[in-house]
Amino acid sequence: MGVFGKLFGGGKKVSKETVETRGEHAPDLKIPVDEKFTIYFKKNGGKFIYCENFSEVSQALHNIISENDWQQRYFYALDQRLKERFVSENILFTDLRNESEVFFTTCEHLIAHNGSILVCSNQIKGKKLSELPSNLIVFATTSQLVDSISQALQLIKENYGKNIPDNITTLKHFQPTAENKNDFLSYGSSSKNVYLLLLEDY
C-alpha cells in the first residue's frame, strides 16, 4: 500500500494531536517509515506531493511552476540524469547558479526519523546548502525512504563500494520554526522552500 493509502485508507492511525503535541525528545512514533517521513517532512515545513506514476509527477511539476510563475525561469540543476529524464517537460535548465532562483535535484535518501533529505556530491557537487537557491524541487522515489541516517549511510556504502561520494549532508530545516531556529546542527545552512515530488516505485 502506498504512502497515501496508509495515511488515509488503512494502517495504524496516529492522531493529529499526538503528532503536534509530542516533545522533540519523545520516543519515536511506532508507525511505518513512509508515514513517519510524511509527518516529519511536513512538520519541517516541506511541501509534499505523492505521485503514483510519472504522468502525475509531470502534472505536479507543471502545477508548481504555474503556482510560482516560473514558466520563463531557468532551473538550476547539476544532475545530468535528472535533466535527461525531464527533457520532454519544456524546462529551461542552467548550470549557472546566478541564473536561477530554483534548484531542481534528486537525492540519495529520504530520512523518516526526522523528515530530512540526504544529498551528496551526486546532487550538489561541492556546493554548500547555503549556496543553493532558496527554492528547491526534489524528485525522489518511495524506494529511497529509510528510517535513519545511519541506515542511509550504510546503503550508500553498499551501493557505491570504494567510490563513496563526498559532501554528504542532510537538508532538514525548510523554514524557521520555534523548534529548530536555535538548532546548532543547522549552523551554516539556510532555510529553503522545498517541494518534494515522490514517485511510487514499489
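The numbers here are math on the coordinates, done by the rules we state, and not lab data. Model, not experiment: these values are computed from the prediction. Reconstructed Cβ throughout: ideal geometry from the backbone, glycine too, with neighbour counts over all protein chains shown.
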Report, in listed order, any pair from Lys30/Lys125; Lys47/Lys162; Lys125/Lys172 with a Cα-Cα distance greater than 29 Å.
Lys30/Lys125; Lys47/Lys162
Counting only DSSP beta bridges with both partners in segment 43-202, the antiparallel fraction in percent, to the nearest 5, comes to 20 percent
Give the calculated FRET efficiency between Ser121 and Lys30 to the nearest 0.05, with a Förster radius of 35 Å applied to their Cβ-Cβ distance.
0.50
